[in-house]
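Read through the structure below, which is laid out as structure tokens, and then see the notes.
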Amino acid sequence: MTPAPAGTPATPARLAPSRIALALFAVLALYGIDLACLAAAPAAGFPFVPNFALPFDLMVCVPAAFYLLAVRPARLSPLLVLPVIWLGGFASLQFAAPGQPSIVPLLGLAALVVEAGVAVREARRFSRGFRAAKAATDNPLDWFSGAFSALVRNERAARMAGLELTMWYYAAFSWRRAPHVPEGCRAFSSHRQSGYVAVVGVMLGLVAIEAFAVHLMVSRFSLPAACILTALSAYTIVWMVAEARAVVLNPLLVGNGELVARWGMLARERVPLGLIAWVGECEPAVPRKERLDLAAMGGRAVWIELAEPLEVRGITGKRRIVRALKVSPDEPAAFKQALCLRG
């Protein structure tokens, strides 16, 4: 068997549904046993059960079972055990006998120590994964996805978490950055002729006005609901700003024997120039499910048909096959010339 190249991440372990069910059953069984013991405990021993036995089970035994049956087999981050510990502590406080000695404070202190140790360890793993990914690519989504891959060992989960941080990166930290164009490549923007940025600006204004109106209307019935809706609108605005900024910073690239087809922070596909069979402005005879649309709304479309199917990744990392790409370069004639093809 050919060994994997250096730096290639290990294949993530898959947690079988039967093991997930076993882990949940074990945790629920322990909860049920503790509640049954609490109900059946004699009055003389009552303070011992809720103040010592029950907290030890809920804050030690249950998290340990969850770790051994679910977290460790799937090679997930131990950080996932911490919410189980604190949930056990919260449940223990609900049944604790007041005015009696209790082990809950001691277990809470121990949980804080464990949490600090795990957090430091996982932060180091995250940092190493981030530095390795940043040294290998200029794509922020790959930076953060690579960092999370060191923690969760699941491509889709890591990509979705990475997408969230990528959004905040473009929205808050990318304003002094210029489009990165590797040596030997030519960049073709996609946002000028279509007026994409101006359209996004208009939509941002409309969303802000709508959010204000909805907040005033809903607050008459429920202030918490109005605040939640306003927070969601604010999050939408941040997302739109980040995507618009990413579109500006990620133009199409042609050079070094390949086309790097990009759109914002969501898509980046490498297409060997030798794989391109035809390029033009007419829609190819390719099923819609085998098309990849990377064009700006209102932009002049340029279709690229491939001689062979190409495997691409979706937003969540799911793979699919495409045979045609749609882009909208601001300079379509120069773009086609750069591909050494005629429409």
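The values are calculated or read from the model by the stated rules, or taken from the named source; none is laboratory data. In this text, all values refer to a predicted model and were calculated from it rather than measured experimentally. Here the Cβ is made from the backbone with ideal geometry for all residues, glycine too, and neighbour counts use every protein chain on show. Heavy atoms of the whole protein, side chains included, go into the accessibility calculation; ligands, DNA and RNA do not. Shrake-Rupley method; radii C 1.70, N 1.55, O 1.52, S 1.80 Å.
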Problem set entry | Nonlocal Lys pairs with alpha-carbon distance under 28 Å, the chain (8 or more apart, or different chains) | 6
Exercise. With the contact rule set at Cα under 8 Å and sequence spacing of 6 or more, what percent relative contact order holds for the chain?
Worked result: 12 percent
Seminar exercise, completed: Quick calc, ALA135 & LEU68: beta-carbon distance into FRET formula, R0 30 Å, rounding 0.05, result 0.25
Exercise. Which of the listed residues, TRP86, ALA96, PHE130, is farthest toward the dipole's positive end in the stretch 42-144, when Lys, Arg count +1 and Asp, Glu count -1 at the beta-carbon?
Worked result: PHE130
Problem set entry | Ranked by how many other beta carbons lie within 10 Å on average, peptides 78-89, 139-150, 274-285 from highest | 139-150, 78-89, 274-285
Exercise. How large is ³J(HN,Hα), in whole Hz, for each residue of the stretch 143-148 in order, when computed from phi with the Karplus curve 6.51 cos²θ - 1.76 cosθ + 1.60 and θ = phi - 60°, using x for Gly and Pro?
Worked result: 4, 6, 5, x, 5, 6
For this session: Take the solvent-accessible surface of the protein heavy atoms, probe 1.4 Å, and return the percent of it on the stretch 39-192 that carbon and sulfur atoms account for.
Result: 68 percent
For this session: Would you grab the residues whose amide H sits under 5 Å from the one on ALA97? Only those 5+ places off in sequence or on another chain, please, with H modelled 1.01 Å from N.
Result: ASN51
For this session: Give the share of C-alpha pairs in each 10 angstrom bin for the stretch 124-283, from 0 to the last occupied bin, in whole percents, shortest bins first.
Result: 10, 28, 30, 21, 8, 2, 0
Exercise. Placing +1 at every Lys and Arg Cβ and -1 at every Asp and Glu Cβ, with all other atoms neutral, what dipole size does the stretch 157-212 have around its Cα centre, in debye to the nearest 20?
Worked result: 220 debye
Seminar exercise, completed: Phi-derived 3J(HN,Hα) across the stretch 196-203 with the Karplus relation (6.51, -1.76, 1.60, θ = phi - 60°), rounded Hz, x for Gly and Pro, is 4, 5, 5, 4, 4, x, 4, 5
Exercise. Picking from ALA157, LEU232, GLN193, whose Cα lies most toward the positive end of the charge dipole for the chain (charges on Cβ: Lys, Arg +1; Asp, Glu -1)?
Worked result: GLN193
Exercise. With the other protein chains left in place, how much accessible area per residue, in square angstrom, belongs to the chain at a 1.4 angstrom probe?
Worked result: 56 Å²
For this session: Normalise the Cα radius of gyration of the chain by 2.2 N^0.38 Å (N = residues in it) and let me know the number.
Result: 1.33
Exercise. Using mean Cβ contacts within 10 Å as the protection proxy, how do 324-336, 302-314 order, highest first?
Worked result: 324-336, 302-314
Problem set entry | Dipole magnitude of the chain about its Cα centre (Cβ charges: Lys, Arg +1; Asp, Glu -1), debye to nearest 20 | 560 debye
Seminar exercise, completed: FRET efficiency for GLU311 and ARG288 from the Cβ-Cβ distance with R0 = 22 Å, rounded to 0.05, comes out at 0.80
Seminar exercise, completed: Amide H neighbours of LEU76 at under 5 Å, excluding residues fewer than 5 places away on the same chain, with H built from the backbone geometry, are none
Exercise. Can you run phi through the Karplus equation (6.51, -1.76, 1.60; θ = phi - 60°) for the stretch 307-317 and list ³J(HN,Hα) in whole Hz, with x for Gly and Pro?
Worked result: 6, 9, x, 10, 8, 10, 10, x, 4, 8, x
For this session: Please state the charge dipole magnitude for the stretch 138-182, taken about the Cα centre, from unit charges on C-beta atoms (+1 on K and R, -1 on D and E), reported in debye and rounded to the nearest 20.
Result: 40 debye
Exercise. Looking at GLY280, MET265, VAL254, which one has the Cα that reaches farthest to the positive end of the dipole of the stretch 242-287 (charges on Cβ: Lys, Arg +1; Asp, Glu -1)?
Worked result: MET265
